[in-house]
Amino acid sequence: MEPAAEFVKSWMKLSKDWQTQMEAEMSPQLTGGQLQVLELLQAHEPMKPSELLPHLETTPAAVTTLLDRMERNGLVKRTRDDNDRRIVWISTTDFGHTERERGLRVRSDIVNRSLDRLSAHNRQLLVYLIGKVSGTRDKKTAASDAGEEATAIQATS
């Protein structure tokens, strides 16, 4: 099997396994999508519903439905802007903070169970390589990157 196809097959299986475990361990109070909203609110609270759209890659109607459910379950609250009543602000409730922390622990536990199959060095190498492939690795000098790559390659030889 070609490397790209093998990577996709492995990545899809891992993603599906993680998603299944997340949904089972976070239910009934929280879903993966709700955890994502709570994480966004942690970083940018308060937010307008429209500000969630670029992060969630969904439709305005789907965001409204998601927020309705989250508000009904006590995870978020909506408040009207004091100066412009057309603007609605979303913020996290105390229960939402608690559930976000629980969801983050659940996700971390699930990922750590997968990573525990690797040595500490190979975990570091995997995180480094996934960061490079995804383009999310911090921008460093070319010399620094080359040195890290050489170290990583020597360590696996």
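What follows is calculated from the coordinates using simple rules that are stated; it is not laboratory data. None of the values given here were measured: they were computed from a predicted structure. For neighbour counting, all protein chains shown are included, and Cβ atoms are generated from backbone atoms with ideal geometry for every residue, glycine included.
So how far apart, in nm, are the two label points at K77 and M1 if each is 7 Å from Cα heading toward Cβ?
5.0
Using a simple spin-label model with points 7 Å from Cα along the Cα→Cβ vector, what separation in nm is obtained for T93 and T65?
Going from the T93 label point to the T65 one covers 2.2 nm.
Would you work out the charge dipole size for the chain about its Cα centre, treating the Cβ of every Lys and Arg as +1 and the Cβ of every Asp and Glu as -1, and quote it to the nearest 20 debye?
Its charge dipole is roughly 160 debye.
From zero up to wherever the largest Cα-Cα distance of segment 1-55 sits, split into 5 Å bins and tell me the percent of pairs in each.
4, 17, 17, 14, 15, 16, 9, 6, 2, 0
Calculate the FRET efficiency for K13 and S119 from the Cβ-Cβ distance with a Förster distance of 22 Å, rounded to the nearest 0.05.
Here the calculated transfer efficiency is 0.55.
Hey, fewest Cβ within 10 Å first, where do V37, V133, V106 land in order?
If I rank by nearby Cβ atoms, fewest first, I get V133, V106, V37.
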